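Written below as structure tokens is the structure these notes are about.
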Amino acid sequence: MNRSKAKQSLVNMLCEIENPSEMQFFLEQILTVGEINDLLDRVRIYESLACTEVPQRECAKTLNVSISKVTRGASNLRKPKTKDYWKSKFSYNN
């Protein structure tokens, strides 16, 4: 299976999971602890940058992550569609 088909297969599998405990199990099976932690950091960064006006350096310090991770997140969030998407994912903004 090429990567394009594998990506579509993964997206389909994720879309079929409706139960949070099954999703947690699935993610723990395909990702290492380090990869899960990286994803958690990215979500925390997106939440901080999309929902507050915190400067990048303060975000990095508060979340105890590298400034390069925060800068990458900030770069992605410069697109209004991306920022609006992430803002909508955090319950206190709905």
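Where a number appears in this text, it was derived from the coordinates with a stated rule and is not lab data. Quick caveat, the model's predicted, so the values are computed rather than measured. Because the Cβ atoms are built from the backbone with ideal geometry, glycine has one as well, and the counts that use them run over all protein chains shown.
A count restricted to region 1-53 and to residues that are within 21 Å of residue 90 (Cα to Cα), of a type outside the set (Asp, Glu) and surrounded by 10 or more Cβ atoms within 10 Å (Cβ to Cβ) stands at 19.
With assigned to a helix (DSSP H, G or I), among the charged types (D, E, K, R), under 16 Å from the mean Cα position of the chain (by Cα) and loosely packed, with under 11 Cβ neighbours inside 10 Å as the only criterion, which of 87, 81 stands out? Exactly one residue qualifies, and that residue is 81. Only one of the numbered conditions (1) of a type in the set (A, V, I, L, M); (2) farther than 20 Å from residue 35 by Cβ; (3) under 14 Å from the mean Cα position of the chain (by Cα) is violated by residue 70, and that is (2).
So is residue 57 surrounded by fewer than 14 Cβ atoms within 10 Å (Cβ to Cβ) and either of a type in the set (Ser, Thr, Tyr) or more than 15 Å from the chain's Cα centre (by Cα) (or both) or not? Walk me through how you get there before you give the answer.
Details: surrounded by fewer than 14 Cβ atoms within 10 Å (Cβ to Cβ): yes; either of a type in the set (Ser, Thr, Tyr) or more than 15 Å from the chain's Cα centre (by Cα) (or both): yes.
For residue 57, the condition - surrounded by fewer than 14 Cβ atoms within 10 Å (Cβ to Cβ) and either of a type in the set (Ser, Thr, Tyr) or more than 15 Å from the chain's Cα centre (by Cα) (or both) - is met.
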